[in-house]
1. Select from the stretch 144-164 the residues that are over 17 Å from SER75 (Cα atoms), in contact with a Ser or Thr (Cβ under 8 Å, 6 or more places away or on another chain) and surrounded by fewer than 24 Cβ atoms within 10 Å (Cβ to Cβ) and list them in ascending order.
2. Can you pull out every residue in the stretch 111-130 that is surrounded by 13 or more Cβ atoms within 10 Å (Cβ to Cβ) and closer than 22 Å to LYS213 by Cα?
3. Consider TYR185 against the criteria (1) under 24 Å from PRO103 (Cβ atoms); (2) surrounded by fewer than 18 Cβ atoms within 10 Å (Cβ to Cβ): it satisfies all of them except one. Which criterion is unmet?
4. Among the numbered criteria (1) more than 16 Å from the chain's Cα centre (by Cα); (2) within 21 Å of ALA182 (Cα to Cα); (3) at pLDDT 95 or above; (4) not in a loop (DSSP other than H, G, I, E, B), which single criterion is violated by ALA32?
5. Filtering the stretch 195-205 down to residues that are over 16 Å from MET91 (Cα atoms) and more than 13 Å from the chain's Cα centre (by Cα), which residue is surrounded by the most Cβ atoms within 10 Å (Cβ to Cβ)?
6. Filtering the stretch 91-107 down to residues that are in contact (Cβ under 8 Å) with a residue 12 or more places away in the chain and loosely packed, with under 13 Cβ neighbours inside 10 Å, which residue is farthest from LEU155 (Cα to Cα)?
7. What's the total number of residues in the stretch 41-62 that are modelled with pLDDT under 95 and closer than 20 Å to PHE82 by Cβ?
8. Please work out which residue is farthest from THR146 (Cα to Cα), limiting yourself to the stretch 177-213 and to residues that are among the polar types (S, T, N, Q) and out of contact with any strand residue (DSSP E or B) (no Cβ under 6 Å at 6 or more places or on another chain).
Amino acid sequence: MNASRSAFIFLTFLLLMPAPSVMAGTIVDEWAAVQPPAPVELKSVTVNATDTAFLVLDIEQRTCNMEARPRCVESAPRIGAFLAKAREAGMPVVHSLTSKGTPDTILPQALPLPGEPIVQSSVDKFYNTDLDVILKKLGVSTVIITGTTAEGAVLHTATGAAMRGLSVIVPVDGMSAATLYAEQYTAWHLVNAPGTRAKASLTRLDMIGINKK
């Protein structure tokens with residue numbers, strides 16, 4: 001095939017290709033056209049206290065107050081009630097602080113007991129902490145994650161756990177954010193994104209059963 005014929009075929013191919021839509025744009029251009037997906041499915045789960053840890057992330061005065069995150073304040077009593085249930089069953093509990101938090105700023109409902117570990121980091125509580133070592137020493141294969149913010153500590157720590165091979169359970173009534181959209185996005189991400197979808201389950205605190213030690 002000579003060069004001129006090759007050029008003719010190539011030009012014909014280009015002319016026959018469908019023209020790009022003049023309406024196509026970036027996600028910012030089409031922001032208002034986005035429809036939310038169907039609600040995520042919540043599932044009842046039963047865990048063993050012997051191989052599950054309950055993570056309570058950043059329930060501090062500076063991140064969990066009526067001005068910044070009233071939904072966090074609303075979630076604190078539910079987290080506290082499940083915390084008592086987990087302890088009674090013999091389930092290990094790990095707490096976290098933000099990079100600027102201190103143990104004395106943790107809300108009363110989530111106060112650690114003596115001996116319960118506390119890690120301190122930014123959004124990923126595995127980053128520059130002993131969380132991975134703690135969970136391995138405890139023989140943990142599943143984590144239940146609550147806390148604030150949903151799109152911060154909950155999402156990134158859940159992703160870190162899943163990437164380490166742990167099963168992740170997130171009760172949606174135990175995670176909170178400053179906006180409803182952030183909670184909605186986080187719930188969708190956990191069960192749809194490649195890093196977490198094979199390992200994450202969404203539930204409510206009252207839908208979690210615990211087999212005691």
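1. THR159, ALA162, listed by residue number.
2. Result: PRO112, GLU116, PRO117.
3. (1)
4. ALA32 satisfies every listed condition except (3).
5. ARG204
6. By that ranking, first place goes to PRO103.
7. Total satisfying the criteria: 0.
8. ASN192
The values are calculated or read from the model by the stated rules, or taken from the named source; none is laboratory data. In this text, all values refer to a predicted model and were calculated from it rather than measured experimentally. Reconstructed Cβ throughout: ideal geometry from the backbone, glycine too, with neighbour counts over all protein chains shown.
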